[in-house]
Structures are given as C-alpha cells and as structure tokens.
Amino acid sequence: ISHLKRSIVEEESQGGDAAGNNVCGKLTEIFRTALRVAYPALTNAPVAVQPSQVEKFGDYQCNSAMIIAQQLKAQGSPVSPRVVAQQIQANIPSNDVIEKVDIAGPGFINIHLKKSFITPLVTGILTQGVLPPPLSKKRKVVIDMSSPNIAKEMHIGHLRSTIIGESISRLMEFVGHDVLKVNHLGDWGTQFGMLITHLADQFPNYLNESPPIQDLQKFYKESKVRFDGDEEFKKRAYKMVVRLQGGEPSIIKAWELICDISKTEFNKIYARLDVKNLIPRGESFYQERMNVVVQKLEAGGHLEFDDGRKIMFTPDSAVPLTIVKSDGGYTYDTSDMATLYQRVHEDKGERLIYVVDAGQATHFDAIFSGCRKLGWYDPNNVRIEHVSFGVVLGEDKKKFKTRSGDVVKLVSLLDEGLRRSLETLKEKGRDKVLTAEELKAAQESVAYGCIKYADLSHRRTNDYIFSFDKMLEDKGNTAVYLLYAYTRIRSISRKAEVLAETLKEAAKTTSIPVEHPKEWKLAKCLARFPEIISRTLDDLFIHGICDYLYEVANTFTEFYEVCYCIVKNKQTGEIESVDTGRLLLCEATAAIMAKCFDILGLHPVEKM
Ligand code: ARG
C-alpha cells in the first residue's frame, strides 16, 4: 500500500498521523488501519468517523461499511454492509481508545470510548492548559480581512469580514501558524482624482497645514457634485489621477492625508472590536506589481483584445478577467492578480484566505482559476480560498438600513450596542450589585460580545438578521447566555472557598470523576475540543465553535443539576463538604469555554 503524501487539505482535517489529543483523529487512524487490513484492495476506502448524534448509538460512529459495500458491489462482488462492518470490527488494531464497538442497523459501527482514555485528556486541560490539536506543519497564513474603502463608509459587510477574519486569525495563531492579517484597503482608483483636486482647491496650503476635514464622506460627496456638474473640474480630476499614479510628491502627500483621515476612523472601530496587528496594505501597494503582472501576461501571450480592453479567459469561469481597460488603466481584477502573486511569492504564504462577501465569489473563482492556469501556485502546496459570507438583514428581512434608508454607520451601531447592553444589565438589577467599573466592563463585554457572537454563530454563508433584541436574550445560543454561564461556573470554586492554586495542585493527584453518567458525558464533551478546532481549521466555519461552546454550557448544566459539588448545611448554610473531583470538572469546563471565547474574540468578565 502506497503512503501517498497527504495534501495540505487532508493534513489539517485529520490532525496528521500523530492525532494526539484529537479524539476523532485518533479514531480515524484506528479505523484507517482496520480498513486497510480488511480491504487491502480498496485503496480509496473512505474512513468516515464522526461523533454520534444520539447517546444510545455510542460516542462516535464509523459509517464506512455502507460505502464500502457499495464499492464492492460496483466491483461485482456484493457483500452486505453488516458483513463489511463485522469485517472492519474484526480488524480493529489493539488500542487504548476504544472500550467496545457494536454494530447497529444496516452496518453502523457504534464506538464506545474508554474512560481511561478520556480522563487524562481532561486532567491535561487543568495541568497543561487548553492545548490545540498537534500541528503537522507550521504554515504561513495570509488573511485578507476587513478591507473597507478609503473616503467611503465602512459598512456592515466590512464588519462581518472584520469579525470573521479576526476569529479565523485567532484560531490560526492558537494552533501555532504564522499569521499575517492584511487590510486590503480600497485606496487607489479614479475617485482620488476628484478628491485631491477638491482638496487642493479648498485647502491650497495642505502641504504645510493638515486640512481640518472631519467628515470625509461629506467631502467626498462635495467633490462628486463638482465632478458631475463641472466639466473643467472633471478634466483636472482626470489629470490628477495621472499625476498621482506618476508619483508626484505633493500629490502623494494629498493622497496620504485623505487615506489617513479614513484610517483614523477605521482604527477606532478596530480598537473597539479588539482587532490588533491588522496591516494596512491597500490596492496602492500593488501599483508597480500590477505593471509587472501585465508584462508577464503579455509576454506569455495570455491576453486577448476585446473592444480596446485586454482580457484573459480562465478555465473555470465564463467571465474573462479584465486586465487592462481601454484607457490603459488597471482594474480590481488586475490588482487581485498582483495581490495573489505577491502573497505567494513574496510573503511565501502557504494558505491564503480572503474573507469577502459572497457577492464577489465569481471574481475570486476567476482570479484563482487564472492563477492556477498560469502556474502561479501549486494547489497541492498552497491552499487558497474565498471565505465567503452572506448579507446582514434588518428585522424586516430587507437589506440592513437605518429607518431613513441610509447605510448604518458602524460607530453608531456599536454605540447602540453599548446603550442596549447597559439597559439589559440594569433591567437585571446588576447596576445595584456591581461597582461602576465592573458594570462598565460587563457592559462592553456584553455589547461587543453579542454583536460578534450573533455574526459568528450563524453559518457564515447564510444571510442573517441583525436584531439587538435577539442577541441580548439571556436564553439560547447567545453571547449573553454563555457569558453568564461562564461567570457562574467560575464562581463555583470561589463559593466552595477553594483557591485556584489548590485546585491546580489537586488536578495532579485527584482523578477526574466519570462514574456518574452526567460526569462521563461532560468529560467526553470537553475532550472533543481539539477535534472541533481541527475541523474548523479545515472548513473555517466558525459557527462550529459556537455550537460546541453552547453544547459545553448545556452539558455542564445537565451535570451541575444532579452532581453536587458543594454540600451545605441546610440550617446554617455552612459548607459541609466539597467534591474536589467535581470542582475539577467545573474548572476544566471554564477553561475550555474561556479558550473558545478567546478564539471568538469575546471577553468574559469575572462578575456580571
Ligand atoms: N475593498 C473591497 C470591497 O469593499 C474588498 C476587498 C477584498 N479583498 C480583495 N483582495 N479583493 O468590496
């Protein structure tokens, strides 16, 4: 049997041969071996292991038997899937993971885990911290995120890109990749001609004194009015574009001034959302590189003439890329060709991620396909993907707008979040219990947390309805519910009057209790964290982490309702006994939740 080098895609999803703490990955390896021994002739027998949806069907299931039976039938040697399942079962190598398997229905293999396999994983959470699944190779990951346009409003689509991109980069950093976050600002284009011309007219002294432009949108509109109504201005604006592209120092200075005003505004949003190390590298960065790209394409004979334009057809897309416009200018296509080339060959990116709305899917398909055709990257070594997302809708299910029909300003949206979260906290009477400082921390935690979580908890490719009422509910899969649940769990050991240090010591000697079914269920749930991370690393569907987080919180509640951690005297209320093992389960739950929050960019507070 040949051991083909696994592609970069497979490596991430399986956690490599050394699955380590990845339970599903470990089981996959075991069943891979069983399949190989049972059916050596089937080189592409699929190893389908997944967590069971229903408790009575074991902890995990291997569903390969049905598929193999089909493959055998196609080869002319039909065997019933149940027999295939038995064959697989008979060839499971000896291991320390599986307690027993049983075969159900048409050939499902139900897997029950060994307690002695799970408990050290939970102990490890306490003694070593919450660790990611082992990485087969540290990679350079380039994430294109946020990417608003200079002098225009940063809108809710850019907010989605920022939130999703931030979470993906946190995930990548957590597992140990080398991450570069690029803000692909729209900072180059013909609109700068009119902006700069208008600037030079309004503030002729701009080289010596910074123009007091507060509202760049207003300034943009003014210049647009002149551009549309004044032929002479229009001509000057066009000339200005040429001077800008020619790199004339005083014009570059004007361009920088305008970009800086926008960037200052964008940075306020990033600071509030706790987005750090986002490198502003806009379209202008690729100006010279676009010349090189066009030269390359011309030299290679890849361009065709079409009505004065130079275009390039790609294998997988009906629409050709426009590389040079009839006036000689470049396009969004040209800049993304240069961008991809730069990220692969200069940044040495091994995984490129573009977090951009679904409306641009055709554009990216064509770009990726074109670059593959040109041999600019090898898909076996470099993984490139458009992480697409749907639109945000208002509560009327129409495109998200203010009541007057304007685009919603992000700053006002965040402000409203703050106002509404404070309201919610006050309704709960929290302002009477918390200090002013604690209240403010809780307010911010809830406001930004709920906005981020509402976005991340929906499958990103779907549209979702933005509703403060919904996201501030304290029941269901919401940030508020989870943040509260977390705070409560954190307070259990405090109530038991056991110090964190003491618990950490105890973890080394006290075994994790798994006798009670709810203890066992919780322990297994916590042990699934690495496999969730592994899967998300592959599919970049962050809502999977949210679903898991919600499951952890619910499984904990089931446990806590029936498994007492602290026994108090009914009369005096004094603590009579503390179950250290169970407190360890509480601590491990809190640690897993905290790590999930961290990846999602949520900041839980000690008190709320
Ligand atoms: N500025 C663009 C927009 O607002 C998004 C840029 C996305 N990134 C890219 N490499 N094309 O639509």
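Which of the residues that make up the range 567-592 are in a loop (DSSP other than H, G, I, E, B) and in contact (Cβ under 8 Å) with a residue 24 or more places away in the chain? D579 - this is the single residue of the range 567-592 that is in a loop (DSSP other than H, G, I, E, B) and in contact (Cβ under 8 Å) with a residue 24 or more places away in the chain.
It is to be established whether one or more residues within the range 306-318 are touching a residue at least 24 places away in the same chain (Cβ under 8 Å), surrounded by 13 or more Cβ atoms within 10 Å (Cβ to Cβ) and assigned to a helix (DSSP H, G or I). No.
Evaluating H458 against the criteria (1) within 28 Å of the chain's Cα centre (by Cα); (2) of a type outside the set (A, V, I, L, M, F, W, C); (3) farther than 16 Å from E606 by Cα; (4) surrounded by fewer than 17 Cβ atoms within 10 Å (Cβ to Cβ) leaves one unmet condition, (4).
Evaluated against (1) within 23 Å of D144 (Cβ to Cβ); (2) in contact with a strand residue (DSSP E or B) (Cβ under 8 Å, 6 or more places away or on another chain), D316 falls short on exactly one condition, (2). Among the residues examined, S94 does not qualify as at pLDDT below 90 and surrounded by fewer than 16 Cβ atoms within 10 Å (Cβ to Cβ).
The single residue among E531, E558 that is closer than 23 Å to D455 by Cα, open to solvent by 10 Å² or more (accessible area, probe 1.4 Å) and not aromatic (F, W, Y) turns out to be E531. Among the residues in the range 93-116, are any in contact (Cβ under 8 Å) with a residue 60 or more places away in the chain, within 33 Å of the chain's Cα centre (by Cα) and in a helix (DSSP H, G or I)? Checking the range 93-116: at least one residue is in contact (Cβ under 8 Å) with a residue 60 or more places away in the chain, within 33 Å of the chain's Cα centre (by Cα) and in a helix (DSSP H, G or I). Of the residues that make up the range 335-344, is at least one farther than 21 Å from T314 by Cβ and within 16 Å of the ligand (Cβ to nearest atom)? There is no residue in the range 335-344 that is farther than 21 Å from T314 by Cβ and within 16 Å of the ligand (Cβ to nearest atom). V407 meets each of the listed conditions (1) outside any loop (DSSP other than H, G, I, E, B); (2) surrounded by 13 or more Cβ atoms within 10 Å (Cβ to Cβ) apart from (1). Applying the condition of being in a loop (DSSP other than H, G, I, E, B) and not small (G, A, S) to the range 240-298 and asking which residue is farthest from the ligand (Cβ to nearest atom) yields E248. None of E473, E497 is touching a strand residue (DSSP E or B) at 6+ places or on another chain (Cβ under 7 Å), open to solvent by 30 Å² or more (accessible area, probe 1.4 Å) and acidic (D, E) except E497. Screening the candidates I367, I353 for the property of being within 17 Å of L185 (Cα to Cα), within 15 Å of the ligand (Cβ to nearest atom), buried (at least 21 other Cβ atoms within 10 Å of the Cβ) and not aromatic (F, W, Y) yields one hit, I353.
The values are calculated or read from the model by the stated rules, or taken from the named source; none is laboratory data. This is a predicted model, so every value here is computed, not measured. Note: ideal-geometry Cβ built from the backbone for every residue, glycine included; neighbour counts use all protein chains shown. Remember, those area values only see protein heavy atoms, side chains included, never the ligands or the DNA or RNA. Shrake-Rupley method; radii C 1.70, N 1.55, O 1.52, S 1.80 Å.
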